[in-house]
Amino acid sequence: MEGIPINNVVLNDAMTMLKKTSRTFYIPISHLDTGLREAVASAYLCMRAIDEVEDHPDLNESLKVEILMGIQETFNAPNVIDAVTEFLLPYREQLPEVSWRLDEWLNLCPSSAAPIVNRYIQKMSLEMAEWAACNWKIETEEDLDRYTYSVAGMVGEMLSDLWFWNDGTQSDSVKAIGFGRGLQAVNILRNRAEDRTRGVDFFPKGWEMKDMLQYTRRNLELADSYIAELKEGPALKFCKIPLALANATVKLIGSGGNKLTRDAVLKIVSRL
């Protein structure tokens with residue numbers, strides 16, 4: 001990995017935005033070494049920017065598709081950051097801050113890691129657009145697998161590529177996808193009531209809570225196996241925290257709860 005000059009203003013802004021948008025990932029990202037921290041923060045915020053478009057309650061499906069496809073196409077431009085800036089300008093008033101600042105998050109990424117991050121951001125934009133176009137219609141477990149890959153499995157895949165970019169850490173990409181899927185399945189369980197108020201249900205046809213719990217636990221077992229095979233280093237330190245929080249949350253949901261308290265989160269993090 002190359003040494004890179006760090007723009008402290010951009011990094012501080014990014015970490016502030018991370019803290020606002022995800023307590024699960026802010027802590028492990030903030031503890032990464034220089035270089036890898038910027039790459040993972042950039043990737044996470046870019047994906048969050050896209051996710052906020054997909055989830056936006058005030059955008060209709062056709063506008064979501066228009067924006068997501070437009071973002072996807074900017075990655076074919078000679079200067080991606082300039083193209084993203086220009087494309088998103090007309091939508092600024094309609095989008096949350098994390099989304100319209102996508103160009104800044106891209107600019108945070110070290111140049112040698114940018115091809116990895118850009119490839120996955122472009123892919124996620126396209127797949128998110130396809131899901132918005134079909135109104136997130138999930139009828140089978142295969143549909144659920146495709147959806148959880150689109151929004152989270154490929155995040156695990158991308159992280160594996162970044163671990164290798166950083167220090168040559170080898171990891172199992174199939175289990176990395178399970179890592180992402182497991183975390184997303186926990187979110188589906190936790191947010192089901194809220195999702196259904198906007199007319200979306202990620203449970204396949206005929207599935208009950210016990211079926212989604214089984215799906216979630218199966219993928220979290222893959223995630224456990226994924227991190228068990230990681231060597232000591234930043235990748236392992238990073239993955240332990242969100243996985244521990246996910247396992248604790250699914251245990252809570254299985255016993256009738258829903259969301260970990262702040263104190264419970266802090267206890268898990270401090271123990272790790």
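Please check which bits of the range 182-206 a label hung off K251 would reach, taking the label as a point 7 Å along Cα-to-C-beta and the cut-off as backbone N under 19 Å. Answer for this model: 182-187, 189-190. Based on Cα atoms of the range 17-130, Rg over Rh with Rh as the Kirkwood radius reads 0.95. Dipole of the chain computed with +1 at Lys/Arg Cβ and -1 at Asp/Glu Cβ about the Cα centre; of P57, Q214, A129, farthest Cα towards the positive end is Q214.
At a probe radius of 1.4 angstrom, the accessible area of the chain per residue rounds to 47 square angstrom.
Could I get the Rg over Rh figure for the range 114-272? Both from C-alpha atoms, Rh via Kirkwood, rounded to two places. Rg divided by Rh gives 0.97. Averaging 1/r across all pairs of distinct Cα atoms in the range 172-221 and inverting the result yields a Kirkwood radius of 11.4 Å. Here is the size of the chain from its Cα atoms: Rg then Dmax, 17.9, 53 Å.
Using θ = phi - 60° in the Karplus curve 6.51 cos²θ - 1.76 cosθ + 1.60, the 3J(HN,Hα) couplings for the range 263-271 round to 4, 5, 4, 5, 5, 5, 5, 5, 5 Hz; x is entered for Gly and Pro. Would you kindly give the portion of the calculated P(r) for the range 207-272 that falls above 21 Å, as a percent of all Cα pairs? In whole percent, the long-distance tail amounts to 30. Would you work out what percent of the accessible area of the chain, with all protein chains in place, is carbon or sulfur (probe 1.4 Å)? Summing carbon and sulfur atoms, their accessible area is 49 percent of the total for the chain.
Of the peptides 116-124, 186-194, 36-44, 225-233, the order by per-residue mean of other Cβ atoms within 10 Å, starting with the highest, comes out as 36-44, 116-124, 186-194, 225-233.
Converting phi to 3J(HN,Hα) with the Karplus coefficients 6.51, -1.76 and 1.60 and the offset θ = phi - 60°, the range 91-96 yields 9, 4, 5, 8, 10, x Hz in sequence order, with x at every glycine or proline.
Of F87, F202, F164, the residue with the largest accessible area leads and the full order is F164, F87, F202 (1.4 Å probe). Our summary of shape: the Cα atoms of the range 77-206 have principal axis extents of 46, 42, 22 Å, ordered from largest down, in whole angstrom. A simple rule links phi to the HN-Hα coupling: the Karplus curve 6.51 cos²θ - 1.76 cosθ + 1.60 with θ = phi - 60°, which for the range 58-66 gives 9, 9, 6, 4, 5, 5, 4, 4, 4 Hz, with x for Gly and Pro. Across the range 1-127, C-alpha contacts under 8 Å between residues 6 or more apart give a mean separation that, scaled by the residue count, equals a relative contact order of 35 percent. Measuring nothing but alpha carbons in the range 75-123 and taking Rh as the Kirkwood radius, the Rg to Rh ratio lands at 0.97.
The values are calculated or read from the model by the stated rules, or taken from the named source; none is laboratory data. Since this is a predicted model, take the numbers as computed values, not measurements. When we count neighbours, we look across all protein chains shown, and the Cβ atoms used for this are built from the backbone with ideal geometry, even at glycine. These accessible areas exclude ligands, DNA and RNA; they are computed on the full protein's heavy atoms, side chains included. Shrake-Rupley method; radii C 1.70, N 1.55, O 1.52, S 1.80 Å.
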